[in-house]
Each structure stands twice: as structure tokens, then as C-alpha cells.
1. Can you give the calculated 222 nm mean residue ellipticity of the chain, where each DSSP H run of n ≥ 4 adds -39,500 (n - 2.57) and the sum is split over every residue, rounded to the nearest 500 deg cm²/dmol?
2. Taking a ≥ b ≥ c as the square roots of the Cα gyration tensor eigenvalues, with a/c under 1.5 meaning rounded and otherwise prolate when a/b beats b/c, else oblate, which class fits segment 85-168?
3. Per residue and in Å³, how big is the convex hull formed by the alpha-carbon atoms of segment 116-220?
4. Given that compact globular proteins tend to follow 2.2 N^0.38 Å, what is the ratio of the alpha-carbon Rg of segment 61-118 to that value?
5. With the convex hull built on the Cα atoms of segment 33-152, state its orientation-averaged projected area in nm².
6. Of 234, 41, 123, which has the largest mean-square fluctuation in a 10 Å C-alpha GNM of the chain?
7. Calculate log10 I(q)/I(0) of segment 161-268 for q = 0.16 Å⁻¹, where I(q) comes from the Debye formula with a single equal point scatterer on each Cα and nothing for solvent.
8. Would you mind checking the radius of gyration and Dmax of segment 141-180 based on alpha-carbon positions, in Å?
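Since every read-out is calculated from the coordinates, none of them should be taken as a lab result. From a predicted model like this one, the values you see are computed outputs, not experimental measurements.
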């Protein structure tokens, strides 16, 4: 009887410890840390115009509630306004509990952006949605719905184009057009790229083409792609952020779609 009583007492203590441990796990604060490439896209309608807009950037979380970084904002229309590209920096704060949280950013353009986030992929990925956007910059995004993703990024040791090598399967979403494109982008590690894709628009209208061009990569794993005018298509440029531990993924944004909205998407090795 005494042995049985001691056993029950020991089991009770173990159960209490486990409950406390589980409680500690479920109440933990999860704060992302380090650089994350992110992409937000939307269709917008303001008083004079409707079109697409997208924000591509690199945000660095300090692990203590502060975030800063740089961004490219692209917006365009099928109406009277031309496509516009704006680059800048931002600062902000963030918080998170149990894998969900919020981010408040102030862009150097004067835009204030509040985001809700869900942290996944072992802390290496983010799902993002904007809960508010204020401060017009040529267009009013306050009534639009901005959503997208973030993925952990890792800078390159040399900032060399060699950091980007291989064939990436990707896609582009066109906004406000009802169109999409799948692409295989092959980077040769020496600054040259070939992009072969199939475009599907309304109708449906289906076309395919292959383009060649050049690319550069910075030390912080951001870069640009430039495709020369060819095949009846004018010159094209893209900005991108390498993600997923040094180059296994890309988030990218086309930056010169004059009068035709925006194109943005992701790619993976």
C-alpha cells in the first residue's frame, strides 16, 4: 500500500509538471528573427483609376520587436495613369504569440501599413494580410486588400551572381488582368538568364515565348533581371529577393508594365 501511494503521488507530480510544460509551450511568444523577403499584391480602385499594385521587399526582424528594411512599390493601370515604380525604406514594430502576430510599418513614401501574420515552416515562412493601409501615393490603396507571403532570406557571402544558379520554376500573377504565366528561369551563375514561359489570359488566350537577358545579385540577396526587347516584346525588368536559405526560392516583381497593371509571383529551384 505504501509503495502504491508513493507511485500515485509521483504520477500526480509528473502529471502536474506535464500540464505546466504544455501550458508554457502553448503560451510561448514566437518572434521571427532575421531577414525575410516579402511580397504583397492587390487590385485597387480609387476615384480616378483602377489597376494592380504590388510591394516587394526585404524586412529584417531584430528578434526584440523592431523591424526595418527596403521595398519596391509598383502600381499601374489599364486607364489613363502610367505604371509607376517607387523604391524606399521602412521601419516598424512587430509582436507575436503562438505563431500569429502583427506588424506595423511606416514606409518612406508616407504609407502606413498594418499587417497580420501567421508564422509557419518552422519559423521560416510568413502568411501576410494587410488590415489597414493609409497614405496615398499617386493612388489610394486604403480600400484595397493587400495579401501575400514572406520567406526567410539569407545574404550571399560575396554578392556575386554565382549565388544564383540553376533552373527555377515560377509563376506570375497579373493584376488587375485575369491572366497568369508559368515560367522556367535558368540562371547560369555568371549573369545570364533565360526565361521560357506560357501565358494564359482571358478568352482563354494562350501564348508561349522564350527570352534571354542578364541578372545581378547584391550581398543582401536582392537583385534585378533585365530582359532585352525581343519577339515583339519590349524590354522587361524584374526585382527579386532570394529566399529559403540562400537561393532555393525567389519572390519577384515586374517593374515596367506601362499601362497594364502589375505582375508578381514566386519561383523555386
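1. -3500 deg cm²/dmol
2. Oblate shape, in that a/c is at least 1.5 and b/c is the bigger or equal ratio.
3. Considering the Cα atoms of segment 116-220, their hull volume per residue is 165 Å³.
4. The reported ratio for this selection is 1.39.
5. So the mean shadow area of the Cα hull is 6.5 nm².
6. 234
7. Log-scaled intensity ratios, in q order: -0.67.
8. Over segment 141-180's Cα set, Rg and Dmax evaluate to 15.9, 42 Å.
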